[in-house]
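Worksheet for the structure shown next.
The values are calculated or read from the model by the stated rules, or taken from the named source; none is laboratory data. For clarity, every value in this text was computed on a predicted model and none was experimentally measured. Methodologically, a virtual Cβ is constructed for each residue, glycine included, from the backbone with ideal geometry; neighbour enumeration extends over all protein chains shown.
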Amino acid sequence: MQNQLSKILEEAKERLASAVSVDDTEEIRVRMLGKKGQMTEVLRSMKDMAPEDRKTFGQEANQVRAQIESMLRDKMEEMRAKAQNMKFEAERIDVTEPGRKTALGSKHPITITIDEISKIFMSMGFSIAEGPEVETVFYNFDALNAGPNHPARDMTDTFYITEDTLLRTQTSPVQARTLEKTNPPIRVISPGRCFRCDTPDATHSPMFHQVEGLVVDEGITMADLKGVLDKFAKQMFGADARTKFRPHHFPFTEPSAEMDVSCFKCGGKGCKVCKGSGWIEILGCGMVHPSVLEVGDVDTEKYTGFAFGMGVERIAMLKYEIDDIRLLYENDMRFIGQFK
Ligand code: DAH
């Protein structure tokens, strides 16, 4: 029997020596000291011994058991420490590693231009009005005095969604919507996207941006129109900028005009930017047609107004000397990142 005890002790030592983990150690504990373990079995067999043998054997067995327990404890501690170290090692962070830089974006030149235009008009007391990009035929054309035979209504010029809805071809429908919703005095601008069936080339895009403007109040005249737009031109293109108004036609204004700005590149002498003329066409404008005011039930005996509309791409392209409109929509960071 003593022999058996020393064999158990030997086996426990051998097994523990080759254990490499907490699990291995636990398995050895079960095998040696568990309910069905070797030690338990040996102790169970004591019941068949002579009482005097049982006593000494019992003492020895307890010693061996205590020895194995202590070895198991040491090994367990060692294995836990090892597991802990491995975990620390795996989770180690190199705090000296240089950080990764997040690429900072910049504003798109169209956004920069819209912001700049908006800031100028807001400083003159205008607020921002918004309208839907998917618009009704009524607001886009009829309410703006463009009757059923107006050429812009053609399928080849406009993206229709149904017979009565379309992608707005201009921001001017916001005029009609504002007149319906608000009573004069009105002073709003409305920047936004517009859509026309154009094949993309250096100066055309089926999607583009406009900024619309509308002022309605008592006693508004063409002098107010010219004053506001001349002030805008000087702030946008420089204090030396001069403006001139040429007669034009728009269905929703009467009289109508186009405004040119003296070339901010050559100052009016003539260059590539102004194509030698010294002037650059910037926007359309005019006194709001009474039939447009009537859409909003505005008393046309009491109130008058002026309106204007400008193409944002055109202004951005002139200002930044961009020679192809398509560059604005390709999202090439080498191009877009140049505008801050
Ligand atoms: N909606 C016109 C266009 O797309 C631009 C325009 C001209 C707007 C005159 C106006 C205006 O408000 O008064 O060509």
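At a glance:
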| item | result |
| --- | --- |
| In segment 287-308, residue nearest to the ligand (Cβ to nearest atom) [restricted to those that are of a type in the set (Asp, Glu) and out of contact with any Asp or Glu (no Cβ under 9 Å at 6 or more places or on another chain)] | Glu294 |
| Residues located in segment 298-316, provided they are in contact (Cβ under 8 Å) with a residue 60 or more places away in the chain, part of a loop (DSSP other than H, G, I, E, B) and charged (D, E, K, R) | Lys302 |
| Condition met for Glu294 (at negative phi and acidic (Asp, Glu)) | yes |
| Total residues in segment 245-286, condition within 10 Å of the ligand (Cβ to nearest atom) and part of a loop (DSSP other than H, G, I, E, B) | 2 |
| Top-ranked residue of segment 287-297 - restricted to ones that are assigned to a helix (DSSP H, G or I) and closer than 16 Å to Lys181 by Cβ, ranked as modelled with the lowest pLDDT | Val295 |
| Residue within segment 97-108 that is at pLDDT below 90, in contact with a helix residue (DSSP H, G or I) (Cβ under 8 Å, 6 or more places away or on another chain) and within 30 Å of Met317 (Cβ to Cβ) present | yes |
| Extreme residue, farthest from Gly286 (Cα to Cα), among residues of segment 142-169 that are out of contact with any His (no Cβ under 7 Å at 6 or more places or on another chain), touching a residue at least 40 places away in the same chain (Cβ under 8 Å) and within 13 Å of the ligand (Cβ to nearest atom) | Asp157 |
| Any chance Ala233 is under 20 Å from Ile117 (Cβ atoms), more than 16 Å from the ligand (Cβ to nearest atom) and small (Gly, Ala, Ser) | no |
| Output for segment 1-57, where each listed residue is in contact with a Leu (Cβ under 9 Å, 6 or more places away or on another chain), of a type in the set (A, V, I, L, M) and over 30 Å from Asn85 (Cβ atoms) | Met39, Val42 |
| Qualifying residue in segment 120-140 (condition: outside any loop (DSSP other than H, G, I, E, B) and charged (D, E, K, R)) | yes |
| Residues located in segment 317-331, provided they are in a helix (DSSP H, G or I) and more than 23 Å from the chain's Cα centre (by Cα) | Met317, Leu318, Lys319, Tyr320 |
| Search result, residues across segment 147-176 that are of a type outside the set (Ser, Thr, Tyr), more than 26 Å from Val228 (Cα to Cα) and more than 29 Å from the chain's Cα centre (by Cα) | Gly147, Pro148, Asn149, His150, Pro151, Ala152, Arg153, Asp154, Met155, Asp157, Glu163, Asp164 |
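Listed here are the residues, each with its yes/no results for (1) of a type in the set (A, V, I, L, M, F, W, C); (2) farther than 21 Å from Phe308 by Cβ.
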position: Asp154; (1), (2): no, yes
position: Ile161; (1), (2): yes, yes
position: Cys194; (1), (2): yes, no
position: Ala202; (1), (2): yes, yes
position: Glu212; (1), (2): no, no
